[in-house]
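Data block below; observations after.
Just so it is clear, none of the values below were taken in a lab; they were calculated from the coordinates. From a predicted model like this one, the values you see are computed outputs, not experimental measurements. Positions of Cβ are backbone-derived with ideal geometry, glycine not excepted, and every protein chain shown enters the neighbour counts.
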């Protein structure tokens, strides 16, 4: 029996997405033989046409460390106008503020507050003030040290950015972190716009304060809406990627939202989740 026209396609991907494993999944859900997807360099991916929503698929994929998503057949990457993503633990692999804390031996304290904020257990502005206060007296040289020595792009990030540029998709970097890092990433990756917090520095040392308003969930969402309106983008032409609770309002504004190696509260509310794939796995979420 042929699958219904415009039926969702089951996309399966990740480092563990071997041909044998995905063939077993295809048999489980009554799909046609898996079709390899060549969009992403870092991520093995397959399309399963005619797959049925059967009980146990979610648990089976999780047990085998496979990302899976039901993707509309008509969804095209070239139709996007705006892609926004969080910085810490999304575009990059680290939490910059946690790494800064290591220079004053307060990394564990800061990391604990960061984790609570990302799970939505603490109000984000208050959590940021508490964490930045722990950095009082830190030399501003530590910012450059973190950028040079510890900051790394997430797997597949450069492929995703390059694909956006080829298709004319505008890139917005939103962060509850700091302009020191977002401005350098904007220049390095030729991003279109950013929003982040400004650290107060006096006499070459951090004061433990943030200048101006704090970029929280509402600020991220507002920036996303502003840029979408400027581009004349409909919701279906926008995407947002994040990992923490302070990304949820922005992600709710987007036509497609992706939880990238995210906290459970974020995975539960996103359109799709990538727990094992690189950021280039986003490309496979389009037919």
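Packing around the peptides 229-237, 62-70, taken as the average count of other Cβ atoms within 10 Å per residue, puts them in this order, highest first: 62-70, 229-237.
For segment 79-285, the relative contact order works out to 26 percent when only alpha carbon pairs closer than 8 Å and six or more residues apart are counted.
If you stretched the chain out fully between residue 74 and residue 190, how much longer would it get, using 0.36 nm times the residue separation minus the C-alpha to C-alpha distance?
Additional length available on full extension: 38.8 nm.
Distance from a point 7 Å along Cα→Cβ of residue 165 to each backbone N in segment 175-199: keep the residues under 17 Å and list them by number. Once the point is set 7 Å along Cα→Cβ of residue 165, 183-194 turn out to lie under 17 Å by backbone N, inside segment 175-199. Extension gain, residue 54 to residue 105: 0.36 nm times the residue separation minus the Cα-Cα distance gives 13.4 nm. Look at 149, 123 and count the other Cβ atoms within 10 Å of each Cβ; fewest to most, that gives 149, 123. Shape verdict for the chain, please, from the Cα gyration tensor: rounded (a/c under 1.5), prolate (a/b greater than b/c) or oblate. It is prolate, given that a/c is not under 1.5 and a/b is the larger ratio.
Using the Cβ-Cβ distance between residue 205 and residue 23 with R0 set to 45 Å, the FRET efficiency works out to roughly 0.15.
Distance from the C-alpha centroid of segment 231-252 to that of segment 142-212: 18 Å, rounded to the whole angstrom. Packing here is the average count of other Cβ atoms within 10 Å per residue, and on that basis the peptides 200-213, 170-183, highest first, run 170-183, 200-213.
Once you reduce segment 41-110 and segment 256-287 to the center of their Cα atoms, the two points are 4 Å from each other. Principal semi-axes of the equivalent ellipsoid, √(5λ) from the alpha carbon gyration tensor of segment 160-287, are 26, 17, 15 Å from largest down. When the alpha carbon coordinates of segment 71-138 are projected onto the principal axes, the ranges are 52, 23, 17 Å, largest first.
Suppose the chain between residue 139 and residue 16 were pulled fully straight at 0.36 nm per residue; how much longer would it get relative to their current alpha carbon spacing? Stretched out fully, the residue 139 to residue 16 stretch lengthens by 40.0 nm. Normalised by the number of residues in segment 132-228, the average gap of Cα pairs under 8 Å and 6 or more apart makes the relative contact order 33 percent.
Per-residue ellipticity at 222 nm from helix content only, as computed over the chain with -39500 (n - 2.57) for each DSSP H run of at least four residues, stands at -10000 deg cm²/dmol.
Our summary gives segment 9-74 a relative contact order of 47 percent, counting only alpha carbon pairs under 8 angstrom and 6 or more residues apart. First check a/c for segment 91-196, with a ≥ b ≥ c the square roots of the eigenvalues of its C-alpha gyration tensor; if it is under 1.5, answer rounded, and if not, answer prolate when a/b is larger than b/c or oblate otherwise. Verdict is prolate for segment 91-196. Beta bridges per DSSP, both residues in the chain: antiparallel share near 45 percent. Measure nothing but the geometry: give the 0 to 90° angle between the long axis through the Cα atoms of 19-28 and the longest principal axis through the Cα atoms of the chain, rounded to 10°. The helix 19-28 is inclined about 60 degrees to the chain. When you count the other C-beta atoms within 10 angstrom of each residue and take the mean per peptide, 84-96, 261-273, 184-196 line up highest first as 84-96, 261-273, 184-196.
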